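The values are calculated or read from the model by the stated rules, or taken from the named source; none is laboratory data. All of these numbers come straight from a predicted model, not from anything done at the bench. Don't worry about glycine lacking a Cβ; one is built from the backbone with ideal geometry, like all the others, and counts go over all protein chains shown.
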Amino acid sequence: MAIKKVVILGAGVLGSQIAFQSAYKGMDVKVWNRHVDKAQQRLAALQPAYQADMGLAKADFEKILGQIEITSDLKEAVAGADLAIEAISENLEIKASFYHDLMAVVEPQTIIASNSSTFMPSQLVQYVGEPARFLHLHFANRIWKYNVAEISGTKATAPETIAAVTDFATAIGMVPIKMKKEYPGYVLNGMLVPFLAAGMTLWATGVADPKDIDRDWTISTGSPMGPFQILDMVGLRTAYQITMNNYEQTHSEVSKTVADKLKAMIDEGRIGVESGKGFYEYK
Ligand SMILES: NC(=O)c1ccc[n+]([C@@H]2O[C@H](COP(=O)([O-])OP(=O)(O)OC[C@H]3O[C@@H](n4cnc5c(N)ncnc54)[C@H](O)[C@@H]3O)[C@@H](O)[C@H]2O)c1
């Protein structure tokens, strides 16, 4: 089945990007959001980025934007959809209640995909109740530029569902990354989170300074960035949250030491690139 009609459920940071990118690549797009005006604002706010990064003229951006139908009526939003992509807040109660409402109105042919970053498909499928046509399609923030889409189903996801969503991802300009089984953090964060944690352990336990750790990594591997340059981009608040989550699960003393050092930097306003200083200083 070739996906042509897509509905994006939730127009926050990621939902608005998925909606615009899909319309930009010629899909027939509807957006469902609790507040239509907020969705409109989020979508319109993407204009400078599409101009700067994709060379899309303002008039062309507005024409595409005008083709996206935005509604707060869930039944109307999902009517006739080949694919529904859920991009609402990363909270299990909110998602569970939303899927309850969605399943009451969604049609049998519609494939349902979640963009969840931290839940796994096997956790959300219970709320969907349609395992054959459910999977995760995980985008990265600024999808037009960081154009990777991780595709992960459960054992019960139909091969046709995976195939149709893989083709859809390619059609909207993504590089599809097909996962053979689910994994926390998908592929990218499955590697990046432990890598950053290893770098922070070397720093927080006094083995070496961040700049030396980065120098060793970049020179020795030829990679453009070391863990602390990446951490400044990700933001220290996110790094702190992930480290604390790990500490709560493992009670590891090293995680606590890392978390305390990150917290001290955050309290000093060293949050990363967004505040102009983190492990490095930015102009
Ligand atoms: N922000 C990122 O970098 C990023 C990257 C990849 C995936 N994701 C995932 O995308 C999803 C959305 O994240 P986001 O960053 O766009 O969040 P966001 O906070 O920007 O947007 C959340 C959306 O959920 C809606 N919402 C909130 N409560 C709701 C409720 N009770 N019922 C219905 N809708 C509700 C909001 O109206 C909004 O449209 C999450 O699952 C997240 O893990 C986020």
I need the helices (runs of 4 or more DSSP H) fully contained in region 67-175, keeping only those with at least 3 residues that are closer than 18 Å to G185 by Cβ. 121-128
Give the number of residues within region 97-118 that are crowded, with 19+ Cβ neighbours inside 10 Å, more than 10 Å from the ligand (Cβ to nearest atom) and closer than 18 Å to I162 by Cα. 4
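Looking at the structure I just gave you, is S22 assigned to a helix (DSSP H, G or I), surrounded by 24 or more Cβ atoms within 10 Å (Cβ to Cβ) and within 11 Å of the ligand (Cβ to nearest atom)? Give the steps one after another, and end with the answer.
Values: assigned to a helix (DSSP H, G or I): yes; surrounded by 24 or more Cβ atoms within 10 Å (Cβ to Cβ): yes; within 11 Å of the ligand (Cβ to nearest atom): no.
The answer is no for S22.
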Examine region 27-38 for a residue that is at pLDDT 95 or above and in contact with a Leu (Cβ under 7 Å, 6 or more places away or on another chain), and state whether such a residue exists. yes
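Only one of T250, T221 is over 28 Å from I143 (Cβ atoms) and either polar (S, T, N, Q) or touching a helix residue (DSSP H, G or I) at 6+ places or on another chain (Cβ under 8 Å) (or both). Can you tell me which? Walk me through it before giving the result.
Values: T221 fails: over 28 Å from I143 (Cβ atoms).
After applying the criteria, what remains is T250.
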Scanning region 265-283 residue by residue, those out of contact with any helix residue (DSSP H, G or I) (no Cβ under 7 Å at 6 or more places or on another chain) and not in a loop (DSSP other than H, G, I, E, B) turn out to be D267, E274, S275, K277, E281
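I'd like the residue in region 2-15 that is within 16 Å of the ligand (Cβ to nearest atom) and within 16 Å of G173 (Cβ to Cβ) and, out of all such residues, is nearest to the chain's Cα centre (by Cα).
Pass one, region 2-15, residues within 16 Å of the ligand (Cβ to nearest atom): 6-15.
Next, only the ones that are within 16 Å of G173 (Cβ to Cβ) stay: 6, 8, 14.
Values: V6: 18, I8: 14, L14: 7 Å.
Filtering region 2-15 for residues that are within 16 Å of the ligand (Cβ to nearest atom) and within 16 Å of G173 (Cβ to Cβ), the one nearest to the chain's Cα centre (by Cα) comes out as L14.
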Cβ-Cβ below 9 Å, separation at least six or inter-chain, first residue in region 82-97 and at pLDDT below 95, second near the ligand (Cβ under 7 Å from one of its atoms) and part of a loop (DSSP other than H, G, I, E, B): which pairs? S89/G10; S89/G12; E90/S116; E90/S117; E90/T118
If the Cβ limit is 9 Å and pairs must be 6+ apart or interchain, which residue in region 21-46 that is in the same structural domain as K95 (by TED's automatic domain parsing) pairs with which residue that is away from the ligand (no atom under 11 Å from the Cβ) and basic (K, R)? G26/K4; M27/K4; M27/K5; D28/K4; D28/K5; V29/K5; K30/K5
